[in-house]
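This report refers to the structure that appears directly beneath it.
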């Protein structure tokens, strides 16, 4: 499984857990409200203060931590998507550079070949010029 899929799955599981936790919290709160209408004496208030309020505080802290984790996973997933897109762009550009490099190498090979051909032609012209000059000198020597 790719990192991107793993993070998406973790985020989904976490958000689903948060939803179930919130639903359970609503049910417990509704149940407490119903009980409060029936039992609202000092012992019940003491029980709420010693047991239920600390549990609610811990629950709120846990929910906050889970929401922060969910936000972090969501941000991580966004970064992974951008990173994956950038990697695809880099791979595409790398392929394009490889093609251009190959074309440049072919052009350079062709240019070297043409330069060699031009050097050969230049040498032939120089040899022909030397021969012409020699013929002119020889012709000048035969003239009175």
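The values are calculated or read from the model by the stated rules, or taken from the named source; none is laboratory data. None of these values were measured; they are calculated from a predicted model. Because the Cβ atoms are built from the backbone with ideal geometry, glycine has one as well, and the counts that use them run over all protein chains shown.
Okay, here's what the table says:
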| read-out | value |
| --- | --- |
| Qualifying residue in the range 60-83 (condition: over 35 Å from the mean Cα position of the chain (by Cα) and at pLDDT 85 or above) | yes |
| Residues being under 23 Å from residue 24 (Cβ atoms) and either surrounded by 11 or more Cβ atoms within 10 Å (Cβ to Cβ) or in contact (Cβ under 8 Å) with a residue 12 or more places away in the chain (or both) - total across the range 55-73 | 12 |
| Residue within the range 24-35 that is within 41 Å of the chain's Cα centre (by Cα), part of a helix (DSSP H, G or I) and either touching a residue at least 24 places away in the same chain (Cβ under 8 Å) or closer than 30 Å to residue 4 by Cβ (or both) present | yes |
| Any hit, the range 101-124, residues being surrounded by 10 or more Cβ atoms within 10 Å (Cβ to Cβ) and closer than 30 Å to residue 12 by Cβ | no |
| Subset of the range 1-23 [within 30 Å of residue 85 (Cα to Cα), assigned to a helix (DSSP H, G or I) and without any contact (Cβ under 8 Å) to a residue 24 or more places away in the chain] | 5, 6, 9, 12, 13, 16 |
